[in-house]
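Undergrad: Have a look at this one.
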Amino acid sequence: MDKQIRRIGVLTSGGDAPGMNALIRSVVRSASAHDISVLGIRRGYSGLINGDIIEMGARSVDGIIRKGGTMLYTARCKEMLTEEGLQKAADTCRYLGIDGLICCGGDGTFRGAQALSRKGVPCIGVPGTIDNDIGCSDYTIGFDTACNTAIECIDKLRDTMQSHERCSVVEVMGRRAGHLALQVGCAVGATAICLPERQLDFDTEIVERMRIGRIKGRNHHIIIVAEGYGSAQDVADQIHEATGIDTRVTILGHIQRGGSPSAMDRVMATRMGYAAVRALMEGKTNRVVVSDNNIVTDIDIEEGLAQSKDLNQCLFEAQQTVAI
Ligand SMILES: Nc1ncnc2c1ncn2[C@@H]1O[C@H](COP(=O)(O)OP(=O)(O)OP(=O)(O)O)[C@@H](O)[C@H]1O
Ligand SMILES: O=P(O)(O)OC[C@H]1O[C@](O)(CO)[C@@H](O)[C@@H]1O
Ligand SMILES: [Mg+2]
């Protein structure tokens, strides 16, 4: 049975991710289709605390589906971690007559949504982070585009590494998780991937592999280092010392967070935004929209946050086998 919802808010929080605009568009259009008005909260939770809010309508999101970044801006708001800040955010929702709030971001953003739900503001989280590190969801908006951006950059690096017969050590984002590094490393045909989730024997899995590769005619190498593993420079120094191969380090950094979202991110953001509005209309609160085997559904935030996600073991094994 649908609950009478008249006005909702939408915000993006934490690190931005390609597809957040597509999510905002989907939320605004899904709400408008049911005569629900939408307020855009700017700069994440700080927009709620400081009243940085804009009115949105179906036409105000025209053309944003293809744009990277987030038109609502994003922030990491420390004040939200204090009782006073949280209370201000909840009071703003009440003052503005917000019947429900959709919060797109990572695990921190869901904790904010959970805290607001406890204050009586119905909240629905949507996973948006390039790290794909949300345990309860197969997928997070932005992951696919970030992979494609990293791949495009590393393919270019390979050209110059091949010409100079060098080794390229590339640091990929992902915070404490190696999902992005594994996916990217597999797609670029990396010789080895250093992941926080898997122990790697440096001598056999990097040095020996490079040595055998060289004997068999491989004249250059790409080594991927997940930022959560450690310093790419240290890995490069170790490789140089052990092999004598001329080695260069590239830290891809924030370029991985930009760019026009891929088809996957636009479509997933559209599905998740629609599902989040439906969840509010059904009277749900303290839930996070997730992809479960590519079915978009929702689960309790606390339950969702308690889940962890290991690396894709089949992908890891396949990569280990083909990287010869
Ligand atoms: N325990 C909490 N209670 C209330 N608000 C929180 C809590 N944890 C985080 N937040 C809010 O959520 C914001 C975003 O969290 P965080 O910086 O961890 O990013 P994230 O959402 O995990 O995204 P990503 O890791 O992809 O950058 C924080 O800046 C803060 O405003
Ligand atoms: O943009 P900031 O604050 O430097 O954060 C960087 C972090 O955010 C992410 O891009 C997304 O969580 C991580 O991969 C990275 O560790
Ligand atoms: Mg996070």
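The values are calculated or read from the model by the stated rules, or taken from the named source; none is laboratory data. Being a predicted model, the structure only gives us computed values, none of them experimental. Don't worry about glycine lacking a Cβ; one is built from the backbone with ideal geometry, like all the others, and counts go over all protein chains shown. With ligands, DNA and RNA removed, areas are computed over all heavy atoms of the protein, side chains included. Shrake-Rupley method; radii C 1.70, N 1.55, O 1.52, S 1.80 Å.
Undergrad: Quick check: at a probe of 1.4 Å, how many percent of the accessible area of the stretch 225-306 sits on carbon and sulfur atoms?
TA: 49 percent
Undergrad: Could you rank Tyr229, Tyr95, Tyr45 by how accessible they are, 1.4 Å probe, largest area first?
TA: Numbers: Tyr229 85, Tyr95 195, Tyr45 10 Å².
Ranking Tyr229, Tyr95, Tyr45 by accessible area, largest first, yields Tyr95, Tyr229, Tyr45.
Undergrad: Compute the normalised compactness of the stretch 71-160: alpha-carbon radius of gyration over 2.2 N^0.38 Å, N being the residue count.
TA: Details: Rg = 17.2 Å, N = 90, 2.2 N^0.38 = 12.2 Å.
Rg over 2.2 N^0.38 Å, computed on Cα atoms: 1.41.
Undergrad: With a 1.4 Å probe and all protein chains left in place, how much accessible area per residue does the stretch 92-187 have, in Å²?
TA: On the way: 3180 Å² over 96 residues.
I get 33 Å² per residue for this part.
Undergrad: List the lysines whose Cα lies under 26 Å from the Cα of Lys88, skipping any in the same chain that are fewer than 8 positions away.
TA: Lys3, Lys78, Lys119, Lys284
Undergrad: If you fit an axis through the alpha-carbon atoms of helix 313-322 and take the longest principal axis of the Cα set of the chain, what angle between them do you get, 0 to 90°, nearest 10?
TA: So the helix axis and the longest Cα principal axis differ by about 30 degrees.
Undergrad: Hey, another quick one. For the stretch 103-125 and the stretch 256-284, what is the centre-to-centre distance using only Cα atoms, to the nearest Å?
TA: 16 Å
Undergrad: Which one, Met56, Gln87, Ala22, is farthest towards the positive end of the dipole of the chain when Lys and Arg carry +1 and Asp and Glu -1 on their Cβ?
TA: It is Met56, whose Cα lies furthest towards the positive end.
Undergrad: Short version: what are the Cα gyration tensor semi-axes of the chain, square root of 5 times each eigenvalue, largest first, in whole Å?
TA: On the way: eigenvalues 354, 62, 56 Å².
Each semi-axis is the square root of five times an eigenvalue, giving 42, 18, 17 Å.
Undergrad: Another one. Output needed: percent of Cα pairs per 5 Å distance bin for the stretch 1-62, bins running from 0 to the one holding the longest distance.
TA: Spelled out per bin, shortest first, that is 4, 18, 27, 23, 18, 8, 2, 0.
Undergrad: For the stretch 268-324, what is the accessible area per residue in Å², given a 1.4 Å probe and the full set of protein chains?
TA: On the way: 2900 Å² over 57 residues.
Dividing the accessible area of the stretch 268-324 by its residue count gives 51 Å².
Undergrad: Something else now. What do you get when you divide the Cα radius of gyration of the stretch 27-129 by 2.2 N^0.38 Å, with N the number of residues? Don't jump to the answer; show the numbers that get you there.
TA: Numbers: Rg = 13.2 Å, N = 103, 2.2 N^0.38 = 12.8 Å.
Rounded to two decimals, the normalised Rg is 1.03.
Undergrad: Quickly estimate the mean residue ellipticity at 222 nm for the chain, helices only: each DSSP H run with n ≥ 4 gives -39500 (n - 2.57), and the total goes over all residues, rounded to 500.
TA: Details: 11 runs with 131 residues, N = 324.
The per-residue figure over the chain is -12500 deg cm²/dmol.
Undergrad: Among the lysines, which fall within straight-line cross-link reach of Lys156, defined as a Cα-Cα distance under 21 Å, with same-chain neighbours fewer than 8 residues apart omitted?
TA: Straight-line reach from Lys156, under 21 Å: no lysines qualify.
Undergrad: Within the stretch 8-115, what whole-number % of the accessible surface is contributed by carbon and sulfur, with the 1.4 Å probe and all protein chains included in the calculation?
TA: Numbers: 2070 of 4250 Å².
Summing carbon and sulfur atoms, their accessible area is 49 percent of the total for the stretch 8-115.
Undergrad: May I pose another question? So how tilted is helix 20-32 from the main axis of the chain? Cα-based, degrees 0 to 90, rounded to 10.
TA: 20 degrees
Undergrad: Another question about this same structure. Between Arg76 and Arg218, what FRET efficiency comes out of the Förster formula 1/(1 + (r/R0)^6) with R0 = 45 Å and r the beta carbon distance, rounded to 0.05?
TA: Working: r = 42 Å, r/R0 = 0.94.
Plugging the Cβ-Cβ distance into 1/(1 + (r/R0)^6) gives 0.60.
Undergrad: Something else: When the Kirkwood radius is taken over all Cα pairs of the stretch 255-324, what Stokes-Einstein diffusion coefficient follows at 10 °C and 1.306 mPa s, in µm²/s? Could you put the intermediate results ahead of the total?
TA: Details: Rh = 14.9 Å.
Once the numbers are plugged in, D ends up at 107 µm²/s.
Undergrad: Another one. What's the angle, to the nearest 10 degrees (0 to 90), between helix 263-281's Cα axis and the longest principal axis of the chain?
TA: In the chain, helix 263-281 runs at an angle near 30 degrees to the longest axis.
Undergrad: Please state the shape class of the stretch 201-324: rounded when a/c is under 1.5, otherwise prolate if a/b exceeds b/c and oblate if not, all from the C-alpha gyration tensor.
TA: Note, shape of the stretch 201-324 comes out prolate.
Undergrad: Compute the distance from the alpha-carbon center of the stretch 58-86 to that of the stretch 8-40, in whole Å.
TA: Comparing the Cα centres of the stretch 58-86 and the stretch 8-40, I get a distance of 9 Å.
Undergrad: Have a look at Asp144, Asp310, Asp16 and tell me which one the Gaussian network model of the chain (Cα, springs below 10 Å) gives the largest fluctuation.
TA: Asp310
Undergrad: Also, quick follow-up: Specify the residue with the greatest mean-square fluctuation among Arg266, Arg66, Arg257, computed from a Gaussian network of the chain linking alpha-carbon atoms under 10 Å apart.
TA: Answer for the Gaussian network model of the chain: Arg66.
Undergrad: Taking amide H positions as placed in the peptide plane 1.01 Å from N, state which residues far from Asp52 in sequence (5 or more) or on other chains have amide H under 5 Å from it.
TA: HN-HN under 5 Å from Asp52: Arg42.
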